[in-house]
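Before any comments, here is the structure.
The values are calculated or read from the model by the stated rules, or taken from the named source; none is laboratory data. Since we're looking at a predicted model, the values are computed, not measured. Neighbour counts run over all protein chains shown; Cβ positions are idealised from the backbone, glycine included.
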Amino acid sequence: MNKKILLVHGWGGSDFPHWQSWLAGELAKEYGKVSFLKLSDFDFPDLESWKKELKDELASFKPDIVICHSLANTLWFHLIDEIDAVEKLYLVAAPSFECKIEELKSFFPLTLPTQTKAKEAFLISSTNDPYMTLEEAKELQKSLGIQMKVLENAGHINTESGYGEWPWILEELKNNMIE
């Protein structure tokens with residue numbers, strides 16, 4: 001496994017047993033090059049602080065693959081014009097671009113992006129995500145012109161919806177690392 005993988009959590013973090021924590025551990029077990037960035041004050045995030053932290057991590061770690069969950073997707077879109085492209089980007093459970101949650105007000109509203117800053121990008125959504133409707137996800141996918149995987153009744157694709165271990169994403173990454 002010679003690809004560098006960066007995991008970026010969203011609002012509230014992705015501590016164990018969240019799938020991002022599980023995935024970081026599984027990748028590390030096989031001596032994978034993985035960084036699981038812990039952004040500051042993740043219960044009351046600040047866009048400018050998070051932008052600086054992610055830009056610093058991108059510059060120092062230089063990942064090939066980035067996996068964003070939830071608010072990390074929004075963060076990524078805010079940085080589109082300020083970062084270098086990565087090989088592959090996974091956008092998992094992006095929130096609505098019209099999110100009205102008070103703690104997240106510095107991140108919204110956000111204009112629908114038309115690029116990802118990745119050679120290949122993949123949107124992963126759920127039929128019942130409380131933070132983004134399937135219609136909004138399809139609009140995002142169309143705007144970005146990328147592949148999309150829709151999970152049936154997976155909620156926000158987090159611990160609460162049963163995504164502790166997520167074998168599909170691990171297998172997906174392993175297949176990408178063989179390339």
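What to note about this one:
- Candidates in the range 26-46 are the residues that are under 20 Å from SER70 (Cα atoms) and out of contact with any strand residue (DSSP E or B) (no Cβ under 8 Å at 6 or more places or on another chain); of these, the one that is surrounded by the fewest Cβ atoms within 10 Å (Cβ to Cβ) is ASP43.
- Every test in (1) touching a helix residue (DSSP H, G or I) at 6+ places or on another chain (Cβ under 8 Å); (2) surrounded by fewer than 22 Cβ atoms within 10 Å (Cβ to Cβ) is passed by LEU91 save one, and that test is (2).
- Listed by first and then second residue, the pairs with beta-carbon distance under 6 Å, at least 6 apart or on different chains, first residue in the range 30-56 and more than 14 Å from PHE107 (Cβ to Cβ), second of a type in the set (D, E, K, R) and in a helix (DSSP H, G or I), are LEU37/GLU57.
- The set of residues in the range 140-159 being over 17 Å from the mean Cα position of the chain (by Cα) and over 24 Å from GLU82 (Cβ atoms) consists of LYS142, GLU152, ASN153.
- Against the numbered list (1) touching a helix residue (DSSP H, G or I) at 6+ places or on another chain (Cβ under 8 Å); (2) surrounded by fewer than 15 Cβ atoms within 10 Å (Cβ to Cβ), HIS69 comes up short only at (2).
- Every listed requirement among (1) aliphatic (A, V, I, L, M); (2) modelled with pLDDT of 95 or more; (3) over 23 Å from SER21 (Cβ atoms) is met by LEU110 save one, (2).
- Residue check for SER106: closer than 26 Å to SER35 by Cα, of a type in the set (Ser, Thr, Tyr) and surrounded by fewer than 21 Cβ atoms within 10 Å (Cβ to Cβ): yes
- Every pair of residues 6+ apart whose Cβ atoms lie under 9 Å, when the first sits in the range 149-165 and is at positive phi while the second is aromatic (Phe, Trp, Tyr) and buried (at least 20 other Cβ atoms within 10 Å of the Cβ): GLY155/TYR163; ILE157/TRP19; ILE157/TYR163; ILE157/TRP166
- First in the range 73-90 and modelled with pLDDT of 95 or more and of a type in the set (Ser, Thr, Tyr), second anywhere and surrounded by 15 or more Cβ atoms within 10 Å (Cβ to Cβ) and part of a helix (DSSP H, G or I), Cβ under 9 Å, 6 or more apart: THR74/LEU47; THR74/LEU104; THR74/PHE107; TYR90/ILE169; TYR90/GLU172; TYR90/LEU173
- Looking across the range 148-179, the residues that are in a loop (DSSP other than H, G, I, E, B) and crowded, with 18+ Cβ neighbours inside 10 Å come down to ALA154, GLY155, HIS156, ILE157, ASN158, TYR163, TRP166.
- Within the range 109-133, restricting attention to residues that are touching a strand residue (DSSP E or B) at 6+ places or on another chain (Cβ under 7 Å) and exposed (fewer than 14 other Cβ atoms within 10 Å of the Cβ), the residue that is farthest from ASP43 (Cα to Cα) is LYS119.
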